[in-house]
1. Against the condition of a type in the set (A, V, I, L, M) and without any contact (Cβ under 8 Å) to a residue 12 or more places away in the chain, how does Leu96 come out, does it pass?
2. What are the residues in the range 81-99 that are part of a loop (DSSP other than H, G, I, E, B) and crowded, with 17+ Cβ neighbours inside 10 Å, if any?
3. Taking the condition more than 23 Å from Thr62 (Cβ to Cβ), under 18 Å from the mean Cα position of the chain (by Cα) and either part of a helix (DSSP H, G or I) or in contact (Cβ under 8 Å) with a residue 24 or more places away in the chain (or both), does Met144 pass?
4. Which of (1) at pLDDT 85 or above; (2) open to solvent by 40 Å² or more (accessible area, probe 1.4 Å) is the odd one out, the single condition Cys102 does not satisfy?
5. Going by what's in this entry, would Val109 be described as more than 26 Å from Gly43 (Cα to Cα), part of a helix (DSSP H, G or I) and modelled with pLDDT under 90?
6. Would you confirm whether or not the range 112-133 contains a residue that is over 15 Å from Lys46 (Cα atoms), assigned to a helix (DSSP H, G or I), of a type in the set (Ser, Thr, Tyr) and out of contact with any strand residue (DSSP E or B) (no Cβ under 8 Å at 6 or more places or on another chain)?
7. Tell me, which residue of the range 119-174 that is β-branched (Val, Ile, Thr) and exposed (fewer than 11 other Cβ atoms within 10 Å of the Cβ) is farthest from Phe68 (Cα to Cα)?
8. So, Val50, is that one under 17 Å from Val153 (Cβ atoms), open to solvent by less than 50 Å² (accessible area, probe 1.4 Å) and either modelled with pLDDT of 50 or more or touching a helix residue (DSSP H, G or I) at 6+ places or on another chain (Cβ under 8 Å) (or both) or not?
Amino acid sequence: IFVRRGPDAEASAENDDAICNAGFIVGKDSVLVTESGGSLADGIPKLQLVRWCILFQKLSATGAYACFLVLFATPLQTSAAAGLHASAPVWVLFALVVVCGCALKLATVGISVAVERDWVTCIAEGHDGALTTMNTVLRRIDLMSKLLAPLFVSLLTTAASYKFSVAFFLAFGI
């Protein structure tokens, strides 16, 4: 989840009311959460872990998109434009987006741990060449997804609107 409305600048005392950067906050806070999440994933059967993480991913993404839709499609949008002086419901929705983003990051790390640590090595069956090839392919898929996803989101928000983009991703997630 990454949303920026306002000038593209570092957050500082001079521009604190003009910038809303949920992605920075989610990224910073989720580091605290994922440190312990990796060690917890080691004690759970991997298939069960992946199933729960996928459910957790879907629910947290849907929750974040629903919060954004409420912000963009209701009169709260004008209050949210006030920055630090926004109303209490805007701050509650913003906090929910941050919590959902942290949950999403934790689920993503859980899946990554399960797939990269166990499944790839099991499938490779001790063959170094097969392990190298699978790791390379997985890394390429991961990097291409990380490259193309923000471009698609930017294209969608530029071509349509924030409201349409959030509704599209909410419907796609359900």
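The values are calculated or read from the model by the stated rules, or taken from the named source; none is laboratory data. Quick caveat: nothing in here was measured; it's all calculated off a predicted structure. All Cβ positions, even for glycine, are placed from backbone atoms using ideal geometry, and neighbour counts span all protein chains on display. To get the accessible areas, we keep the full protein, side chains included, count just its heavy atoms, and leave off ligands, DNA and RNA. Shrake-Rupley method; radii C 1.70, N 1.55, O 1.52, S 1.80 Å.
1. On the way: of a type in the set (A, V, I, L, M): yes; without any contact (Cβ under 8 Å) to a residue 12 or more places away in the chain: no.
So Leu96 does not fit the description; no.
2. Step one: of the range 81-99, the residues part of a loop (DSSP other than H, G, I, E, B) are 81-82, 86-87.
Residue satisfying the conditions is Ala86 alone.
3. On the way: more than 23 Å from Thr62 (Cβ to Cβ): yes; under 18 Å from the mean Cα position of the chain (by Cα): yes; either part of a helix (DSSP H, G or I) or in contact (Cβ under 8 Å) with a residue 24 or more places away in the chain (or both): yes.
Criteria met by Met144.
4. (2)
5. Working: more than 26 Å from Gly43 (Cα to Cα): no; part of a helix (DSSP H, G or I): yes; modelled with pLDDT under 90: yes.
So Val109 fails the test.
6. Let us first name the residues in the range 112-133 that are over 15 Å from Lys46 (Cα atoms), namely 124-133.
Filter once more, keeping what is assigned to a helix (DSSP H, G or I): 124, 128-133.
Filter again for of a type in the set (Ser, Thr, Tyr), leaving 132-133.
Of the ones still in play, those that are also out of contact with any strand residue (DSSP E or B) (no Cβ under 8 Å at 6 or more places or on another chain) are 132-133.
Yes, the range 112-133 contains a residue that is over 15 Å from Lys46 (Cα atoms), assigned to a helix (DSSP H, G or I), of a type in the set (Ser, Thr, Tyr) and out of contact with any strand residue (DSSP E or B) (no Cβ under 8 Å at 6 or more places or on another chain).
7. Thr136
8. no
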